[in-house]
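Here, each number is a calculation from the coordinates, and none is a lab measurement. All of these numbers come straight from a predicted model, not from anything done at the bench. Positions of Cβ are generated from backbone atoms using ideal geometry, with glycine treated the same way; all protein chains shown enter the neighbour counts.
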């Protein structure tokens, strides 16, 4: 027996070292209670069974790796080191790892089956098939009561409501679920009515999802005649069915989004094209409307054109009359000048008379030619004016069509069967009733 006197700190340190040397890293099972989350991120709780309990601590660096949220009452298996918290002398476990109770055995089975099927090439990338971009009929293998089915239906209703969905009901949990899933798949294969198959189930524990880690289910998926998408559990859940399927969706909703991606993208592209087309049509319409406005400004009413031609004709007539009068005055002045010269020179009257007659003949002939040319020009102008007259147009077989309000009809698209029209001809008029229209016809 030693006479050495230990301090409390030394005693606790020796006890801690003794415990840590004697108990290596090991697994222990129990139920979580008295759970506390510190601001530092560390988790403190008690692990208990029917007879005892022990204090535990899981430091932040380890707690962040947990794939689920710890709660009181959960059954877990801890990988821990036995130690003693020297400051208070508390016996405790430092938790290095944790899993749900029973998961260790199931996980080993999962790994063995995964390695076996991988060795057979069931997970090989080269055997994965392309998902049809525009499936018209999609099969869903799931439970009719599952929330996953409602999620898938909602996703298709939102993204591709026209796609036909066919449900192949099956159990998705329990001992009988694997056989039921295989039977549902075989039913889908036999009916061969779907271009794509979805195998979906909502989240749960590894035990809840275990039916999708069954070898028979995996092998049934490998012989599917249609491409398959699996959406099992949550994003962190991965099953053997996910490895075997042609594509994996992180959730049932994600699986539905993968299946409808082509339609969804096509709808988005169609909306974009429709927007571009509307914009282009609007631009073209505005351009045509501006061109029509410019043409309307240049368009002259026939009455205005007739009035302008009448004014021009009157002006030409006045100019012609003035030109004739000027020529006559000039000739008369010339004649008077000649007469004066004749009188001064006392010319031979006979010769002068003959010359006078010749000049008079030339004058008359010139005046006749000039008047003929002017009358011919007037006649041509009158003919052109007559050709532009509405009456002349009616004489050629045309008619003026007015609707019930008296407005002139220029476009057959404005008419409908049953409309009453008033027709004006070169001689008289008539009333007519429309039986059919032909807007597309032209001269």
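A few notes on this one:
- On the beta carbon distance between residue 11 and residue 147, with R0 = 56 Å, the FRET formula returns roughly 0.45.
- Overall shape: oblate for the stretch 160-236, with the ratio a/c of the largest to smallest alpha carbon gyration tensor axis at 1.5 or above and b/c at least equal to a/b.
- Computed over the stretch 139-232, relative contact order equals 34 percent, with contacts defined as Cα pairs under 8 Å that lie 6+ residues apart.
- Exposure proxy for 377, 69: other Cβ atoms within 10 Å of each Cβ, ordered fewest to most, give 69, 377.
- Paramagnetic label reach from residue 264 (point 7 Å along Cα→Cβ; backbone nitrogen cut-off under 19 Å): within the stretch 124-140, residues 130-140.
- Label of the coordinate-derived value, mean projected area of the Cα convex hull in nm², listed as (1) 21.8; (2) 26.9; (3) 56.9: (3)
- Tensor-based shape of the stretch 18-166 (alpha-carbon gyration tensor, a/c under 1.5 rounded, otherwise prolate or oblate): prolate
- Shape category assigned to the stretch 177-296 from the gyration tensor of Cα positions, a/c cut at 1.5: prolate
- Extents of the stretch 302-388, largest first, come to 64, 17, 6 Å (Cα atoms, principal axes, whole angstrom).
- Residue 235 paired with residue 134, simple spin-label distance in nm, labels 7 Å along Cα-to-beta-carbon: 3.2
- For the chain, calculated [θ]222 nm from helices alone, where every DSSP H run of n ≥ 4 adds -39500 (n - 2.57): -16000 deg cm²/dmol
- Per-residue Cβ neighbour counts within 10 Å put 26, 123 in the sequence 26, 123, beginning with the fewest.
- Modelled FRET efficiency - R0 30 Å, residue 422 with residue 300, Cβ distances, 0.05 increments: 0.75
- Förster-model FRET efficiency, 35 Å R0, residue 176 and residue 120, C-beta, rounded to 0.05: 0.85
- Label-to-label distance, nm, for residues given as residue 291 and residue 167 (7 Å Cα→Cβ offset): 5.8
- Axis of helix 8-22 versus longest Cα principal axis of the chain: the two differ by about 80°, to the nearest ten degrees.
- As a length-normalised measure over Cα pairs under 8 Å and 6 or more apart, the relative contact order of the chain settles at 9 percent.
- A simple spin-label model places the labels of residue 69 and residue 432 8.2 nm from each other, with each point 7 Å out along Cα-to-Cβ.
- Computed over the stretch 8-101: relative contact order in percent, which uses C-alpha pairs under 8 Å that are six or more apart: 32
- Full-extension gain in nm, residue 315 to residue 413, via 0.36 nm per residue minus C-alpha separation: 30.9 nm
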